[in-house]
Amino acid sequence: MYKFSALIVMFLFSVTLFANVVNEFNDPSAYSRAMGGAIYAFWSGAQSIAYNPAGLTNENEEVFFSHVEHFLGVVRNEFLSGSFEIGNLYVGGAAQYTYPVDEFRYDQYKITGTGAYKVGNSSFGINLNTWAGSDIQNGFSMDLGTIMKYDDFNFAFVVKNLFSSITWSSTPIDSQNYDPEFIISGAYFNPRFILSSYANISSGEIGIGADLPLNPLFSILGGYRITLAQEISKEVSVGMKISYYNFDLDIAYVFKESLQFGDTISPFYVSITYNFLGGK
């Protein structure tokens with residue numbers, strides 16, 4: 001087991017050096033997509049790096065990997081992240097890679113370093129993001145997040161894309177800045193189900209999700225998301241979660257209403273989490 005864990009850690013750091021992603025693929029978790037994107041208020045470990053860095057503090061040391069098929073498999077996205085604990089401090093990193101599978105010459109990379117700190121029933125986190133790729137010379141942004149627990153409820157507040165600046169290869173002299181995004185989220189935890197929701201105040205995106213455990217090994221997931229800013233763009237998602245020993249396997253399929261610029265057609269998601277410390 002220790003040799004297997006060491007191999008995973010070595011693989012994580014080697015891939016991190018060459019990882020990449022495109023801006024549209026900021027929702028890589030199959031669990032999140034099956035839940036309508038509403039996991040900002042979850043302590044979800046390594047996968048939280050893509051959503052709320054405060055969610056890194058779930059008292060697990062783990063590796064998370066996801067594979068996404070977009071545009072009916074024409075564009076693919078890989079996401080790999082990991083985390084470890086030092087007392088109340090949690091440190092993690094993530095790498096994303098987006099690339100086509102046909103004749104187009106295109107790829108984009110994103111590397112993230114994350115730190116989070118837990119105090120009682122609250123946690124706080126920060127992401128530092130860098131970009132590169134065939135059409136990006138360099139880029140930088142920062143994400144901040146917090147999660148607060150009150151009885152059976154979690155509440156979260158996230159600010160994404162702070163101080164963002166990207167220099168595109170087509171305009172190497174000028175860098176382009178992007179406005180920050182402000183996200184609020186809440187979740188209710190019950191032994192028989194989990195309900196969650198979020199609202200991106202900046203983009204007008206709203207999502208809700210439900211997790212229905214049938215037994216300790218298997219859960220059914222469902223979600224709904226709407227984006228008011230894109231002429232009422234809607235999507236319905238379904239999925240499942242399988243837990244076995246130290247592994248979690250999440251699968252999601254998203255039904256989109258229509259194809260718009262920057263959107264995808266019914267993407268398919270698969271995510272795997274390996275927890276070094278045992279079950280969650």
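Any read-out appearing in this document is the output of simple, stated calculations on the displayed coordinates, not a laboratory observation. It should be emphasised that the depicted structure is a prediction, and the values quoted were computed from it without experimental measurement. Neighbour counts are summed over all protein chains in view; Cβ atoms, including those assigned to glycine, are modelled from backbone coordinates with ideal geometry.
Brief remarks follow.
- Other residues with beta-carbon under 14 Å from the beta-carbon of Ile184 carry, at +1 per Lys or Arg and -1 per Asp or Glu, a net charge of -1.
- Protection proxy ranking, peptides 113-120, 149-156, 206-213, average beta carbon neighbours within 10 Å, highest first: 206-213, 113-120, 149-156
- When the alpha carbon gyration tensor of the range 114-157 is reduced to an equivalent ellipsoid, the three semi-axes, largest first, read 32, 10, 6 Å.
- Shape class of the range 130-219 from the Cα gyration tensor (axes a ≥ b ≥ c, square roots of the eigenvalues): prolate, since a/c reaches 1.5 or more and a/b is larger than b/c.
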